[in-house]
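Beneath this line is the structure, given in structure tokens, with notes to follow.
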Amino acid sequence: MNNGTKEVHLLDEEAFEKKFRSLLSSAQEFAIATALLTVDGLKIIQPEIEKGLRRGARGGARLKWGKIIIGLDMRGTDPKALATLLRLAGKSKGALAVRVFHQESRGIFHSKMAVFQENKTWSGILGSSNLSQGGFSRNVETNVLLDNSGDCKALLKRFHRYWLNSECRDLSKETLALATELYRPVEP
């Protein structure tokens, strides 16, 4: 029984990956922000992104838009993963947009959030997991599932504030070169 209070749904690592992939797979709209992205992390979600981009051809509701912000400040974002996203975005006919966030003057971009919309129902995930193999399965992470429309819309508003920030730039050959210059592979 809810009694007007909001319920908190904690997701352990296994539940996080399963829920993230499920929501992304069926989303007509999504917004994802992560402090870093690895090749292994992208391999986990790439099939769902591609499925969304193809879905309309099979009679399903095609992805209307997907936006992804990836941080460069931690220097762990793999340029190979960004190059793959750049290719996907280029083939998406405008349905997928990717930006990179790099603060040269202060702090680091450390946000990790995702908001998904399917058939006018909003869901969100807010937590500590990056889009990496560790974030999905190996690390000890804490993530919360949001299924309250108001909370999800507030999270989406925050996402768009980041999206419009002057330090958030379109993923392009130029920003890919910057990511390559900043990249420092993390030792296993």
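Key figures for this structure:
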| quantity | calculated |
| --- | --- |
| Any hit, the range 75-92, residues being modelled with pLDDT of 95 or more, hydroxyl-bearing (Ser, Thr, Tyr) and out of contact with any strand residue (DSSP E or B) (no Cβ under 8 Å at 6 or more places or on another chain) | yes |
| Hits in the range 164-185 (condition: surrounded by 13 or more Cβ atoms within 10 Å (Cβ to Cβ) and either in contact with a strand residue (DSSP E or B) (Cβ under 7 Å, 6 or more places away or on another chain) or within 17 Å of Ile108 (Cβ to Cβ) (or both)) | Asn165, Glu167, Cys168, Arg169, Leu171, Thr175, Leu178, Ala179, Leu182, Tyr183 |
| Enumeration of residues in the range 110-163 that are more than 21 Å from Leu82 (Cβ to Cβ), crowded, with 16+ Cβ neighbours inside 10 Å and of a type in the set (A, V, I, L, M) | Val115, Ile125, Leu126, Leu145, Leu146, Leu155, Leu156 |
| Residue among Ala35, Ala27 that is modelled with pLDDT of 95 or more and surrounded by 20 or more Cβ atoms within 10 Å (Cβ to Cβ) | Ala35 |
| Residues of the range 38-47 satisfying the condition of being of a type outside the set (Val, Ile, Thr) and either touching a strand residue (DSSP E or B) at 6+ places or on another chain (Cβ under 8 Å) or buried (at least 20 other Cβ atoms within 10 Å of the Cβ) (or both) | Gly41, Leu42 |
| Failed item in (1) at pLDDT 95 or above; (2) of a type outside the set (Lys, Arg); (3) out of contact with any helix residue (DSSP H, G or I) (no Cβ under 7 Å at 6 or more places or on another chain); (4) more than 23 Å from Lys93 (Cβ to Cβ), with Pro47 passing the rest | (4) |
| Residues (over 20 Å from Lys64 (Cβ atoms) and buried (at least 16 other Cβ atoms within 10 Å of the Cβ)) located in the range 84-102 | Thr84, Leu86, Val100, Phe101, His102 |
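The values are calculated or read from the model by the stated rules, or taken from the named source; none is laboratory data. Here the structure is a predicted model, which means the values were calculated and not measured. Counting neighbours? That spans all protein chains shown, and the Cβs are built from the backbone with ideal geometry, glycine included.
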